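The values are calculated or read from the model by the stated rules, or taken from the named source; none is laboratory data. The shown structure was predicted, so the numbers you read here are calculated from the model rather than taken from an experiment. Cβ coordinates were reconstructed from backbone atoms using ideal geometry, including for glycine residues, and neighbour counts include every protein chain displayed. Protein only, heavy atoms only, side chains kept; ligands, DNA and RNA dropped before computing areas. Shrake-Rupley method; radii C 1.70, N 1.55, O 1.52, S 1.80 Å.
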Amino acid sequence: MTAGVREEPREAVRPRTPRRLPLPTLLALLVGFAGVGYRLALLFADVPPTNSDEATMGLAALHIARGEGFPVWFYGQAYMGTLEAYLAAPLVALAGPSVLVLRLPTLALYALFLLLSWRLTRRLGGDRWYALLVVAVLALGADRVVKNQLIAGGGYPELNPAGAALALLTVGLCVSGPGARLPRWAAWGLISGVLLWVDPLILPYVLTLGVLLVARRRRELAGLAGLVLAGALLLGAAPMLVDSIRHGRNPVTAVLAAGGSGTAADWADRLHGALVLGPPLAMGFCSPGRCATWQLWWAVAFPVLLVLAALTAWHTLRRASGRPGSAVRVSAGVRLALLGGAAGVLAAYAVSNAAGQTPIESSRYLSCLAVAVPALLWPLWQAARPLARPRRLTEVAASDPLTQRQLAEVAASEGGGYGHLPEVESIKATGGRTAGPKARAAGVGAVAVLAGVLGTGASATVEVIRAAPAVHAEADRHRSLVDTLGALDVRNVRGGYWTCNRLTYATGENVVCAVVDDDLTPGFDRLPAYRREVAADPGAAWVAPAGSPLAARLDERLGTESGALDVVTVAGWRIYLPRR
């Protein structure tokens, strides 16, 4: 007996063609690597310049690495958590204290933000080319932008990736099945809790995305999901809550006080700082430390675009009301929540004294406006897309998985027909019709604005590169100061606020510095133990930048009499030694 085996036709066995990344995805990857590489090059060039606030976070990382303390708050205050110090502590333990090791975790957070923003753009209905545009905008790095992203001074580098992660989780919670949602509820609560501890600037996004979740999943939140969310939120905020209970501190009061102290700023100054200077600085359109008049055009475009994007999202939400679970409705709702969060961030900044008192430096409070970029630029992309070569609907569906899902939703909701196809935003302009004169005019205007965004951001990025040699030279002068103090065997010094902790961190606490004001009276020491150590040393020196008011005051004490000071000059610094 023989057993017959059916022979498969040769055509049935086909070699698999290796999958290649679509061109826009590959370009987005390259642009993302360029953005990260640009920032890494800045770090090796000592850009952006460091300061004593960043060094304070470095000292916290140093203490954590040595097991000498586990601070909850930024030293000297009862708000702004020390997550950056915990992230940097392993690197400080391995490589010793330096600005570079302190900033490597913030660079990783920026890379994560780019990745999450690309993914968020795709999940919100944007095609790959639009996702490339978003990555390109976020890859640019003007002065205020790279400071917010790279300086480990407390809170800012974490905000944007956390905000993008919350938005992505919100999309998933709105479209996934109940069985897959519990881990997302836990992640959403944990991230929100950590943000409350680290820096509440992101709170408007947490609130608007939270409102969306309550509106769509309120029944689920009344059960196990709500318990999981609440438990994870408490876990994330645990450092803040435990410290507040132990010491009777109110971090909310401390945060409100940080919004500006002293004489209240005039409302005209607040609005100018928040609405005129704030958006261009925060979004990366200004030169280092200033905004030229021509760079302020975004102050007009931003609120117009914010309103236009919100109206577009609301209109889409209303038109898709008959399909409550559709991807179109979810993406419109999340875009609206992101825009509402951005408006909340801007409003909170506008009512603070900081917007009127220190508008250039305080524009860092608007750093998380970048979270809303995928929603903010959406109307411009929608208007500009008809100018591109129209493609047939089947071509789009074949190249875009998201479009395939939306087509399936429309087909299911309309009994297999496509009667309401224009409501699907990601394929609205692909039907092959010729755009009319108004649409073409709107498209040309949108392209002009997008070109302005990229061009202005690129110009400001070039200004940062041009200023890099001067910043690097200043860092070299500070390294010379550290080397000279070591050669002089100086262990305790007094100096200004912006000198002390930077010097102490750079030396790994081999030199301890106590803060003095320009009139030589005691200043604000974030670590009081340093003052006690310096006070106990009769041979403590003084350090001041050459040409500073403090140096001028100490120069009055130079001389030959008893108790006078001798001076050693080194690369822009003056070291004053007690005469022995």
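Restricting attention to the stretch 370-411, the residues being modelled with pLDDT of 50 or more, surrounded by fewer than 19 Cβ atoms within 10 Å (Cβ to Cβ) and over 19 Å from Val135 (Cβ atoms) number 6. Each residue in the stretch 95-119 was checked for being open to solvent by 30 Å² or more (accessible area, probe 1.4 Å), of a type in the set (Gly, Ala, Ser) and assigned to a loop (DSSP other than H, G, I, E, B), and 1 pass. Quick one: is Glu84 acidic (Asp, Glu) and more than 29 Å from Pro288 (Cα to Cα)? Considered against the rule, which asks whether it is acidic (Asp, Glu) and more than 29 Å from Pro288 (Cα to Cα), Glu84 comes out as no. Looking only at the stretch 334-369, which residues are surrounded by fewer than 24 Cβ atoms within 10 Å (Cβ to Cβ) and small (Gly, Ala, Ser)? Passing the criteria: Gly340, Ala343, Gly344, Ala347, Ala348, Ala350, Ser352, Ala354, Gly356, Ser362.
For the structure I just gave you, tell me whether Gly141 is outside any helix (DSSP H, G or I) and either open to solvent by less than 10 Å² (accessible area, probe 1.4 Å) or without any contact (Cβ under 8 Å) to a residue 12 or more places away in the chain (or both). Talk me through it step by step, then tell me what you get.
Values: outside any helix (DSSP H, G or I): yes; either open to solvent by less than 10 Å² (accessible area, probe 1.4 Å) or without any contact (Cβ under 8 Å) to a residue 12 or more places away in the chain (or both): yes.
Yes, satisfied.
Being more than 25 Å from Thr50 (Cα to Cα), of a type outside the set (A, V, I, L, M, F, W, C) and modelled with pLDDT under 95 is a description that applies to Ser176. What's the total number of residues in the stretch 61-119 that are of a type in the set (D, E, K, R) and within 26 Å of Gly32 (Cα to Cα)? Going through the stretch 61-119 one residue at a time, the tally reaches 3. Answer with yes or no whether Ala60 is open to solvent by 10 Å² or more (accessible area, probe 1.4 Å), among the aliphatic types (A, V, I, L, M), in a helix (DSSP H, G or I) and free of Cβ contacts under 8 Å to residues at least 60 places away in the same chain. The answer is no for Ala60. Scanning the stretch 500-546 for residues that are in contact with a Leu (Cβ under 9 Å, 6 or more places away or on another chain), open to solvent by less than 50 Å² (accessible area, probe 1.4 Å) and over 23 Å from Glu68 (Cβ atoms) yields Val516, Leu520, Gly539, Ala541, Trp542, Val543, Ala544.
Residues of the stretch 144-158 that are buried (at least 24 other Cβ atoms within 10 Å of the Cβ) and of a type in the set (Val, Ile, Thr): Val145 alone. Residue pairs whose Cβ atoms lie under 6 Å apart, sitting 6 or more positions apart in sequence or on different chains, and linking a residue in the stretch 522-546 that is over 21 Å from Gly563 (Cα atoms) and hydroxyl-bearing (Ser, Thr, Tyr) to a partner that is in a strand (DSSP E or B) and modelled with pLDDT of 95 or more, are Tyr530/Val512; Tyr530/Ala514.
Kindly provide the set of residues from the stretch 305-333 that are of a type in the set (D, E, K, R) and either in a helix (DSSP H, G or I) or open to solvent by less than 10 Å² (accessible area, probe 1.4 Å) (or both), ordered by number. Across the stretch 305-333, the qualifying residues are Arg318, Arg319, Arg329. Filter the stretch 20-33 for residues that are loosely packed, with under 14 Cβ neighbours inside 10 Å, of a type in the set (A, V, I, L, M) and either under 23 Å from the mean Cα position of the chain (by Cα) or outside any helix (DSSP H, G or I) (or both) and give the result. Matches in the stretch 20-33: Leu21, Leu30. From the list Arg494, Arg502, Arg574, the one residue that fits, being under 29 Å from Phe74 (Cβ atoms) and either among the small types (Gly, Ala, Ser) or not in a helix (DSSP H, G or I) (or both), is Arg494. If we scan the stretch 475-491, do we find a residue that is within 30 Å of Cys286 (Cβ to Cβ), out of contact with any Lys or Arg (no Cβ under 8 Å at 6 or more places or on another chain) and either crowded, with 17+ Cβ neighbours inside 10 Å or among the aliphatic types (A, V, I, L, M) (or both)? Yes; the residues of the stretch 475-491 include at least one that is within 30 Å of Cys286 (Cβ to Cβ), out of contact with any Lys or Arg (no Cβ under 8 Å at 6 or more places or on another chain) and either crowded, with 17+ Cβ neighbours inside 10 Å or among the aliphatic types (A, V, I, L, M) (or both).
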